[in-house]
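Right, one structure below, let's go through it.
The values are calculated or read from the model by the stated rules, or taken from the named source; none is laboratory data. Keep in mind that what you see is a predicted model, and the values were worked out from it rather than measured. Neighbour counts run over all protein chains shown; Cβ positions are idealised from the backbone, glycine included.
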Amino acid sequence: MDADVIITGAGPTGLMLAGELRLGGAHVIVLDQLPEPTGQSRGLGFTARAMEIFDQRGLLPRFGQGESLDVSPVGHFGGVQFDFTALEGAHFGARGIPQSQTEAVLADWATHLGADIRRGCQVLDIADGFLDGDHAEVTVATPDGVRRLRAPYLVGCDGGKSTVRKLAGIDFPGTEATRAMFLADVTGLDLKPRYLGETLPNGMVMAAPLTEGVHRIIVCPHGAAARSADDTVTFEEVAKAWEHITGEDISAGGAAWVSFFSDATRQAAQYRRGRVLLAGDAAHIHLPAGGQGLSTGVQDAANLGWKLAAVVTGRAHPALLDTYHAERHPVGSRLLMNTRAQGMVFLGGDQAEPLRRILTELTGHDTVRRHLAGIVSHLDIRYDVTGTGQGGQDTGSHPLLGRRLPKTPLTVSGADTDTFALLHAGHGVLLDLTARPGLRESAAPWAGRVDTVTATPGDAAVFAGAGALLVRPDGHIAWTTTDGDGAGLADALTRWFGPPAQA
């Protein structure tokens with residue numbers, strides 16, 4: 001084998017997955033078709049949950065602003081603004097961070113951990129044996145000629161037009177594009193900010209400053225026909241559409257780059273087929289709305305990475321990988337639902353005005369604001385960690401079971417820390433909040449996979465009465481106890497971290 005895992009695509013999803021796999025001890029090769037990063041940035045930030053995942057790995061300081069990233073309590077759903085702080089700890093996410101910077105941070109992290117990133121490499125074919133064999137074999141065009149690479153698993157993180165998905169024969173059902181929209185990084189102009197978009201009779205526009213003298217604009221004219229993926233767009237065309245909507249002439253400016261996107265909505269029928277898995281845009285495409293695409297890809301990687309690493313290093317049974325589709329496919333389906341709904345509100349023109357008015361009224365209710373904030377921030381995700389729930393939701397009795405553990409101050413051995421710092425190594429964590437006798441001994445056979453930590457919480461209310469919690473490497477809670485015993489702990493440890501080590 002050339003590696004434990006081969007990843008195609010060195011975007012945010014592929015790079016995040018590479019780092020996660022390396023934390024789990026897997027040998028990783030990342031193949032990317034481009035000879036070098038383009039420096040272009042479709043995304044300009046990430047959601048609150050993606051920000052938490054970066055924080056769980058200690059990556060936020062690498063973005064150059066410590067932990068004081070530009071976040072806003074005000075967000076929107078389809079252009080209808082509301083305050084995200086209706087949901088405790090929520091915000092719209094980090095703003096103004098170019099996707100190129102996110103990729104550079106993740107590439108540096110993954111490389112430092114030992115990932116082998118190979119650029120200028122295009123996947124040409126996958127051998128038929130990936131379905132029932134013991135490995136996947138890919139034919140790759142490299143700068144040094146065509147060669148074959150083998151690994152137990154192949155993960156397609158190669159975008160909406162994924163070659164891996166097509167070669168693996170994974171269906172990609174959904175709806176075709178109905179309209180084209182433009183984005184550009186324009187120069188030489190003084191534009192007023194339109195951070196959350198402005199809906200006008202002829203369409204919708206957004207504008208935000210990037211750097212000195214550079215603005216990102218998004219232009220969504222009504223009636224613009226869908227385009228072929230091979231089409232190109234010029235700045236003159238973007239400027240004409242901007243003037244048609246706003247009445248402002250921006251043709252005297254220029255553009256660092258221009259592109260277009262659509263409202264096509266599709267989701268892979270399977271996130272895993274044999275030895276091939278999909279993550280990020282290779283698994284789901286949708287109308288861009290609030291940086292959710294990049295963020296969902298990062299979450300896909302965080303969910304898959306530790307599981308796949310445990311399988312390829314022999315610590316867990318391959319059945320663990322079935323939980324990847326079971327947990328993330330419903331999340332992707334919900335993502336497509338919310339982005340389609342936002343598109344109807346945002347881009348529906350005069351016909352959608354009654355819907356916008358009703359939605360505006362509804363956001364006056366705290367329950368509605370909490371619900372929408374949870375959807376768009378991705379803080380409302382709850383996995384079925386016991387295997388007894390339906391639709392990706394857990395039916396366990398404790399309110400935290402299956403949900404992500406928020407960032408909360410802790411005192412460990414007299415030192416101040418927090419819940420996210422405990423996850424930097426990518427291990428599971430058995431968090432003992434009341435020094436219960438026997439828990440450490442119960443978890444001892446999983447040492448190296450699970451870190452047992454006795455801590456005093458800074459805010460006990462966050463833990464909803466739990467005296468101990470088993471936290472997966474992706475930050476989701478897999479087991480809790482409130483009555484002082486360790487009932488069910490060994491089963492949870494075995495389910496998520498493999499059989500206990502023999503003495």
One residue from 188, 213, 169, 203 being surrounded by 20 or more Cβ atoms within 10 Å (Cβ to Cβ), on the phi > 0 side of the Ramachandran plot and of a type outside the set (S, T, N, Q)
203
Members of the range 205-223 that are in contact with a Gly (Cβ under 8 Å, 6 or more places away or on another chain) and more than 21 Å from residue 254 (Cα to Cα)
222
Being modelled with pLDDT under 90 and either surrounded by fewer than 21 Cβ atoms within 10 Å (Cβ to Cβ) or on the phi > 0 side of the Ramachandran plot (or both) narrows it down to one of 501, 421, 490, so name that one.
501
Report whether or not residue 258 is modelled with pLDDT of 90 or more and crowded, with 22+ Cβ neighbours inside 10 Å.
no
Filter result for residue 255 (farther than 20 Å from residue 178 by Cα, touching a residue at least 40 places away in the same chain (Cβ under 8 Å) and not in a loop (DSSP other than H, G, I, E, B))
yes
May I ask you to say which residue of 146, 105 is surrounded by 15 or more Cβ atoms within 10 Å (Cβ to Cβ), of a type in the set (A, V, I, L, M) and over 29 Å from residue 372 (Cα atoms)?
105
For the range 146-171, how many residues are within 23 Å of the chain's Cα centre (by Cα), among the small types (Gly, Ala, Ser) and part of a loop (DSSP other than H, G, I, E, B)?
4
List pairs: first residue in the range 354-381 and over 27 Å from residue 324 (Cβ atoms), second residue among the charged types (D, E, K, R) and in a helix (DSSP H, G or I) anywhere in the structure, Cβ distance under 8 angstrom, at least six positions apart or on different chains.
363/369
